[in-house]
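The values are calculated or read from the model by the stated rules, or taken from the named source; none is laboratory data. Worth saying up front: this structure is predicted, and the values here are computed from it rather than measured. Backbone-built Cβ (ideal geometry, glycine too); neighbour counts: all protein chains shown.
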2 protein chains.
Amino acid sequence: MPNGNLSNDIRRIESTTMADIVELRLREFLKKKAFKPGDALPKEIELAEALDVSRNVVREALSRLRMLGMIESRKKRGTVLAEPDIMGGFERVMDPLILDQKTLQDLFELRLVLEMGLADILFSRITNKDIDQLEQIVEKEVNKIQQPFRLKFEVDFHSKLYLMTGNDTFQRFQNILLPVFEYVVKEEQKLTGKAKVGKVTHRDLLDLLKKGKPEDFRKGMKEHLSPHFERVKKRTINR
Amino acid sequence: MPNGNLSNDIRRIESTTMADIVELRLREFLKKKAFKPGDALPKEIELAEALDVSRNVVREALSRLRMLGMIESRKKRGTVLAEPDIMGGFERVMDPLILDQKTLQDLFELRLVLEMGLADILFSRITNKDIDQLEQIVEKEVNKIQQPFRLKFEVDFHSKLYLMTGNDTFQRFQNILLPVFEYVVKEEQKLTGKAKVGKVTHRDLLDLLKKGKPEDFRKGMKEHLSPHFERVKKRTINR
DNA sequence: ATATTTTTTTTGTTCTACATATTCATAAAT
DNA sequence: ATTTATGAATATGTAGAACAAAAAAAATAT
């Protein structure tokens, strides 16, 4: 891999603290012992003694796992393994202002890929009710074409698509990605001046959903997102 | 939303601890003050005093942010905002054994969607070198058709595709998703007995990459993944 | 047997003290 | 005068003890 983001490939030298180690050890422990959701962890003091660290350090490590939803603690009852919140860690970190440019671009592309890949699952799950709701969104949209409102409908329409997949993880993922997408688009607008829109409208996409096949929808979506894809292509040079 | 996973929609009642609150407050603080990577945070004691909690609680909250790569601390120098590791939180939680069935299914679908959406970016970035390397993978594969080796080549081929996008985030994401994918496929095999394979092989996909257009490649990929899509369709009923 | 009180247990929180690494300033050596 | 040692200052890292609070378990009273 001669090219690539170094800071991603090379592991940064960061002073490893006890909490880091204990976090790792706890992970190993849970995996090794095949802990399942609901199983109770040893008491904090026991862990501290077993690992030969202060209870304080153990609590720091546990606090991390608790943040990710991996464990839950109750007084007297102790600490039990829980079903982690898969998107939690993602959500917490997704701030366009502190992410570097490359990562923002990567995430932007990720969303484009998702939109393009959506078609098949969409067609296999779509209901008449979904169509009706999309119909309503599109109808409201054509009435108010003012600039400030466009973004709202843009979001509404695409969010509804994700919702239709019946895939909660998916939907949540898109929600997390949304701020990044909006940020990148706005930055782009600042530079080039005007917002670009593809030839295919939401109305067209909806018609394709009703009458067409997945391939047709995908073709339409590609066109709908074409301004964004144009930009992605340009990046070919400096990868 | 009359139907849906309740435990995802409703916020679980979890005894909020001081560490939870302080973590949130710190997040708000960093956002409000528009902290950028490299900026120094206040000292632990100052934070503790300002928030009227013990230094211990502050450290628990900081430890969480440190885990996500959001901050870095060095003795004497203090704590500074860092560029967070976007996939870190994700990675830590991605264990097929502790994730619930629904989430596993969701993630499985997510990967399918990624594969289907990949085509456009792939075609806009592909190089001759990439083709050569894929060629090598496919060649090795046709020689050894034994069952235990197939999974390895399956992974190699698809991983190379992600690598070709030049999108680090993307590639890492796929790596994290991989264990889930393998787990779900294996579970499926246990039930139905035999592994199903689509009619389109990696060889075919490679040819499409060389000669075809994004649409053709996508069509081929759909066929290649068809056994998986079959299963996804079945889920329509119980969503 | 049921209701009430008391005890016990485990996490949550605070406080104090000290270790340790690293910066910054000062003194010594060349 | 410039560089090199020395040392003080400082913020994080770690330890340990103590108590608060909630919740379960046990003991007591009705």
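When the stretch A:32-63 is filtered for residues that are away from DNA strand C (no atom under 12 Å from the Cβ), closer than 20 Å to B:E60 by Cβ and facing chain B (nearest Cβ under 8 Å), nothing remains. List the number of the failed condition for A:V113; all other conditions in (1) in a helix (DSSP H, G or I); (2) aliphatic (A, V, I, L, M); (3) under 25 Å from A:E28 (Cα atoms) hold. Among (1) in a helix (DSSP H, G or I); (2) aliphatic (A, V, I, L, M); (3) under 25 Å from A:E28 (Cα atoms), the lone unmet condition for A:V113 is (3). Selection of first residues in the stretch B:73-96 that are closer than 20 Å to B:A40 by Cβ and of second residues that are part of a helix (DSSP H, G or I) and more than 16 Å from DNA strand C (Cβ to nearest atom), restricted to Cβ pairs under 6 Å at least 6 apart or on distinct chains, gives the following pairs, ordered by first then second residue: B:P84/A:V93. For B:N143, the conditions (1) farther than 26 Å from A:L107 by Cα; (2) facing chain A (nearest Cβ under 10 Å) all hold with the exception of (2).
Yes or no, residue by residue, for (1) at pLDDT 95 or above; (2) exposed (fewer than 13 other Cβ atoms within 10 Å of the Cβ); (3) under 30 Å from A:Q133 (Cα atoms); (4) assigned by TED's automatic domain parsing to the domain that holds B:E182:
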residue	(1), (2), (3), (4)
B:E28	yes, yes, no, no
B:E49	yes, no, no, no
B:N56	yes, no, no, no
B:E60	yes, no, no, no
B:Q101	no, yes, yes, yes
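When the helices (runs of 4 or more DSSP H) confined to the stretch B:43-106 are screened for residues that are more than 19 Å from A:E83 (Cβ to Cβ) and among the aliphatic types (A, V, I, L, M), those reaching at least 1 such residues are found at B:44-51, B:55-67. So which residues in the stretch B:69-86 are at the interface with another protein chain (Cβ under 9 Å from one of its Cβ atoms) and surrounded by fewer than 22 Cβ atoms within 10 Å (Cβ to Cβ), if there are any at all? Result: B:G69, B:E72, B:S73, B:R74, B:K75, B:L81, B:A82, B:E83, B:D85. Looking across A:L208, A:L177, A:L191, one residue alone is of a type in the set (A, V, I, L, M, F, W, C) and within 13 Å of another protein chain (Cβ to nearest Cβ). It is A:L177. Applying the criterion of being aliphatic (A, V, I, L, M) and closer than 15 Å to B:F90 by Cβ to the residues of the stretch A:163-179, the residue that is surrounded by the most Cβ atoms within 10 Å (Cβ to Cβ) is A:L177. Within the stretch A:40-57, residues that are without any contact (Cβ under 8 Å) to a residue 24 or more places away in the chain sit with their Cβ atoms under 7 Å from residues that are acidic (D, E) and near DNA strand C (Cβ under 7 Å from one of its atoms), at 6+ positions apart or across chains, in these pairs: A:R55/A:E44. Would you confirm whether any residue within the stretch B:162-175 is under 26 Å from the mean Cα position of the chain (by Cα) and at pLDDT below 90? No, the conditions are met nowhere in the stretch B:162-175.
Taken together, the residues in the stretch B:187-201 that are in contact with a helix residue (DSSP H, G or I) (Cβ under 9 Å, 6 or more places away or on another chain) and surrounded by fewer than 16 Cβ atoms within 10 Å (Cβ to Cβ) amount to 5. Of all residues in the stretch B:42-69, those being in contact with a strand residue (DSSP E or B) (Cβ under 8 Å, 6 or more places away or on another chain) and either more than 8 Å from DNA strand D (Cβ to nearest atom) or over 17 Å from B:A19 (Cα atoms) (or both) number 1.
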